[in-house]
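What follows draws every value from the coordinates through simple rules; no lab data is involved. The structure displayed is predicted, hence computed values, not measured ones. Heads up, the Cβs are rebuilt from the backbone with ideal geometry, glycines too, and the neighbour counts pull from every protein chain shown.
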2 protein chains.
Amino acid sequence: MAEIDKKREQIIESAIRRFSHFGVQKTTMNEIADDIAVSQPSLYYYFPDKTSIIVAVVEKVSNDYFEELEKILAETECLKDIFFQIIEFRRNFVKKFFMMHLTDSSADAIIRDNCDEILQESRLREIKIVAGILNSAIEKGEIAEIDAENVSAIYLDSLTGLCMWIISKNQKNIFPESKHWDAMVARQRELAEIFLKSLKYKDRSTCKV
Amino acid sequence: MAEIDKKREQIIESAIRRFSHFGVQKTTMNEIADDIAVSQPSLYYYFPDKTSIIVAVVEKVSNDYFEELEKILAETECLKDIFFQIIEFRRNFVKKFFMMHLTDSSADAIIRDNCDEILQESRLREIKIVAGILNSAIEKGEIAEIDAENVSAIYLDSLTGLCMWIISKNQKNIFPESKHWDAMVARQRELAEIFLKSLKYKDRSTCKV
């Protein structure tokens, strides 16, 4: 990796650590630079302002998400396992990066206004991944013929919605308790079962869950 | 109705009008009193502070919700129609009372902290209503045997989640545009179809939708 890219990566990694622990709003450019002993002029050479770092962070986190998700799914055979793996993977992801959103709504606004395109693309990318899985399940005769892309979109949007709804009920504390994450996952798994039923999914003995 | 109850109702109605147009935070006790020409001492006799009005408003709105919902559902025969009616009814309700939540998060906090019990009861009450409908569909042989209460909870939580998720994508504007409401309803209807499929629902010719 060229020196210039390496420095850029280091800054992004430093920002990810700060953002996910203290939130976007509570992190300053100085702190990001100090953590990795980068001079301020050097930092501003790579990122002229905090918004540009935020965009780079969201891009990196999103790419890492898909890289890891695809790795996990490649190792999973059974559709039911895959559905449950996605839920577990999302839980861990939301937990890890929870602070990037929550600290306050102005941080949310910066992310929303500047990362809208990345976030939309990420949603479509995940829909495509799940649709691919459903299509191969159709080919294998595991489920009935469906519009895979559409079902994937409904499924993933519903999972996201359940996550928001259950977490929103606990906004008294800045960080949801363990029982709320569990409640969310439990509800999402129940929804997965409903979807599998509607797909006329034929359970195979290879399923681990 | 006794005079004392009538005055109390008038105050609540006035608060509902103000809250749903300008939001909880932007409404003062004075404005509520002025709208219906009630003296301030009289207002404070019924409601010692704004929080107590908010609680009464949420209680009243919730009761009206169920009264009207039950009326609509009593006139609907077919399960698919009922599922779609619930979605339409919820859309109109959320649209009408959107400002009660949105103005700012401190208003949300007051509602959450003081109306938690009412809101939880409302959720359970709606689950019970839908479960009753599912149970009667089981009896009529329209759908397969299921844990009706649990399926109702998953269904309603998922609808609520989809509503939150789709509306949250448009928080640039204080009030979602018509296309966002439509997108929400479209997605919710698709989810309803998935649920109906999973319930092995047998479509009847009486269905209007």
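Based on Cα contacts under 8 Å between residues 6+ apart, the stretch B:60-198 shows a relative contact order of 27 percent. Estimated purely from DSSP H runs of n ≥ 4, each contributing -39500 (n - 2.57), the mean residue ellipticity at 222 nm for chain B is -25500 deg cm²/dmol once divided by its residues. The stretch B:52-94 and the stretch A:1-54 have Cα centres spaced 50 Å apart.
Each other copy places its own label point for residue B:168 at 0.8 nm from this one, sorted shortest first, where the point lies 7 Å along the Cα-to-beta carbon line. Whole-Hz Karplus values for the stretch A:72-88 come out as 4, 5, 5, 8, 10, 8, 8, 4, 5, 4, 4, 4, 6, 4, 4, 4, 5 Hz, taken residue by residue from phi with 6.51 cos²θ - 1.76 cosθ + 1.60 and θ = phi - 60°; glycine and proline positions read x. Residue by residue along B:134-140, Cβ atoms of other protein chains within 10 Å of the local Cβ number 0 on average.
Taking a ≥ b ≥ c as the square roots of the Cα gyration tensor eigenvalues, with a/c under 1.5 meaning rounded and otherwise prolate when a/b beats b/c, else oblate, which class fits the protein assembly as shown?
Oblate.
How big is the charge dipole of chain A about its Cα centre, in debye rounded to the nearest 20, if each Lys and Arg gets +1 on its Cβ and each Asp and Glu gets -1 on its Cβ?
Roughly 700 debye, rounded to the nearest 20.
What sits nearest the axis between copies A and B, counting only chain A Cβ atoms, is the residue and whole-Å distance A:161, 1. Amide H contacts of residue A:142: none lie under 5 Å away among residues 5 or more positions distant or on a separate chain (H built 1.01 Å from N in the peptide plane; Pro and chain starts excluded). Under 18 Å from a point placed 7 Å out from the Cα of residue B:114 along the Cα-to-Cβ direction: which residues of the stretch B:3-24 have their backbone N that close? So the set is B:8-24. Taking the label point 7 Å along Cα→Cβ, residue B:66 and its counterparts in the other copies are spaced 4.7 nm apart, in ascending order.
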